[in-house]
Every structure is written in C-alpha cells, then in structure tokens.
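Note sheet for the following structure.
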Amino acid sequence: MSDTPATDPGANDIDRPLVLRAQGGDSRAFDLLVVKYQRRVERLILRMVRNPEMTVDLAQETFIRAWRAIPKFRAESTFYTWLHRIAVNTAKRALMNQKRDPVAQALLARHVSDEDDGGDETFIQPGALTTTDTPEAVLASREIAETVNTALNEISPDLSQALTLRELEGLSYEEIAQVMDCPIGTVRSRIFRAREAVAQRLRPLLGRTGDKRW
C-alpha cells in the first residue's frame with residue numbers, strides 16, 4: 001500500500017481565498033471570480049448552444065447558480081472545474097428544453113448556420129499551417145478547421161465534449177472525469193474515439209498539406 005497521503009484537489013487552487021470570502025457572503029469576492037471566468041464560461045457555452053444571445057443568458061444563469069451553491073462547495077476540485085460543471089449542466093438543460101420547442105429549434109438551426117467566428121471553436125487556428133499567411137495557407141487552414149468542426153458535430157455529444165475539454169479548455173483527465181461525472185478510463189476512451197473520428201476526416205486534407213498533427 002502506498003504511503004503517499006491523499007491530496008486535496010482544491011488545496012492549491014489559486015481562487016481559494018476568493019472562494020472562502022464568497023462562501024462567507026462576500027459578493028464582491030464572487031464578482032472578482034465572475035470577472036475572471038466570464039469569458040471562458042461564455043466560450044464554453046457558445047460551443048455547446050451555438051447561439052450568442054442564448055450564451056449570454058446561460059452564462060448569467062451559470063453564475064447565479066454558482067453563487068447560490070457556493071456555500072456547499074467543498075473544494076474537492078478546483079473552483080473552475082466546479083464552475084465548468086455548472087455551466088455544462090446549465091447549457092445541457094437549455095438544449096433539452098429547446099428540443100421540446102420546435103420554434104426554438106428552428107431559431108437554433110438558423111444561428112448554427114449563421115454563426116462561425118473561425119476562432120475559439122476550432123482546434124486549428126488560421127495560419128497554423130505555415131509562418132507565411134499566403135492565400136493558399138489561409139484557405140487550407142480554414143478548410144481543416146471546418147472539417148474538424150464537422151467531425152465534432154457528427155460524433156456523440158459525450159465524445160465531442162471530452163475532446164473539447166481536453167484540447168480547447170486544457171483540462172486534465174481527472175478534471176474532465178469530474179466535469180463529466182465518469183471514470184478516468186471512460187474519459188480516455190472517449191477522447192481516443194473522438195480523436196480517431198476527427199483524424200479519419202482530416203487524413204485526406206493532411207495528406208495534401210503535409211500537416212501530421214492528427
């Protein structure tokens with residue numbers, strides 16, 4: 001049996017002082033946490049709902065839920081991992097409600113087709129294929145980014161979310177397991193399967209560009 005003592009995942013959380021103050025009812029401390037993480041939460045939700053207007057409302061709802069629940073936060077994970085889980089659940093609940101509303105579903109479809117900022121929603125940023133922004137390089141980069149997004153839309157939400165948390169949010173496997181409420185082995189399997197699905201889509205393009213990332 002290992003003699004290594006169990007560690008508290010939240011012990012080294014740099015947000016801990018603000019969290020403790022917020023748990024004591026200090027709304028200004030919580031406001032600082034909101035300022036710090038608002039953009040990250042909004043980017044996360046936008047990738048899930050693909051609706052900018054809806055994203056703002058859901059981000060606000062996420063922080064309201066977090067403020068109400070923070071007295072019960074036990075620091076078993078970092079504050080952001082905990083907040084991330086609340087944001088994901090809030091977005092999922094909204095998407096489930098939309099499926100019951102045909103009008104909202106139609107609006108969502110319109111936003112999906114119209115909204116494409118070419119930025120944080122892709123794994124490969126414009127210009128990543130070369131140090132010179134030639135028209136050919138920009139076109140190839142955009143084509144690869146669109147292919148990645150298409151692949152993510154085709155796989156199951158669980159696979160897409162796992163890969164997004166790893167590649168875009170930079171979460172560890174342990175943090176992803178906490179966010180998705182599943183074993184680490186399941187997380188590794190989902191990320192592997194998602195990468196394989198994306199790689200299968202990308203191979204024809206990467207064969208032409210010489211990019212071996214996938």
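Read-outs: derived from the displayed coordinates by stated rules, not from any lab. Bear in mind the structure is a predicted one, so any value in this text is a computation, not a measurement. Every residue, glycine as well, gets a Cβ built from its backbone with ideal geometry; the counts of neighbours run over all protein chains shown.
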* Set the Förster distance to 35 Å, then compute FRET efficiency between Arg142 and Lys36 from the Cβ-Cβ distance, nearest 0.05. => 0.65
* Structure fact -> Most packed first (mean Cβ within 10 Å per residue), the peptides 161-170, 194-203 order as 161-170, 194-203
* Asked: Going by average Cβ neighbours within 10 Å, how do the peptides 19-28, 57-66, 82-91 rank, with the highest at the top?
  -> 82-91, 57-66, 19-28
* Two-site FRET efficiency, Ala69 against Ser189, from Cβ-Cβ distance with R₀ of 35 Å, rounded to 0.05 -> 0.70
* Along segment 78-83, what does the Karplus equation 6.51 cos²θ - 1.76 cosθ + 1.60 (θ = phi - 60°) give for ³J(HN,Hα), rounded to whole Hz, x for Gly and Pro? -> 5, 4, 5, 4, 5, 5
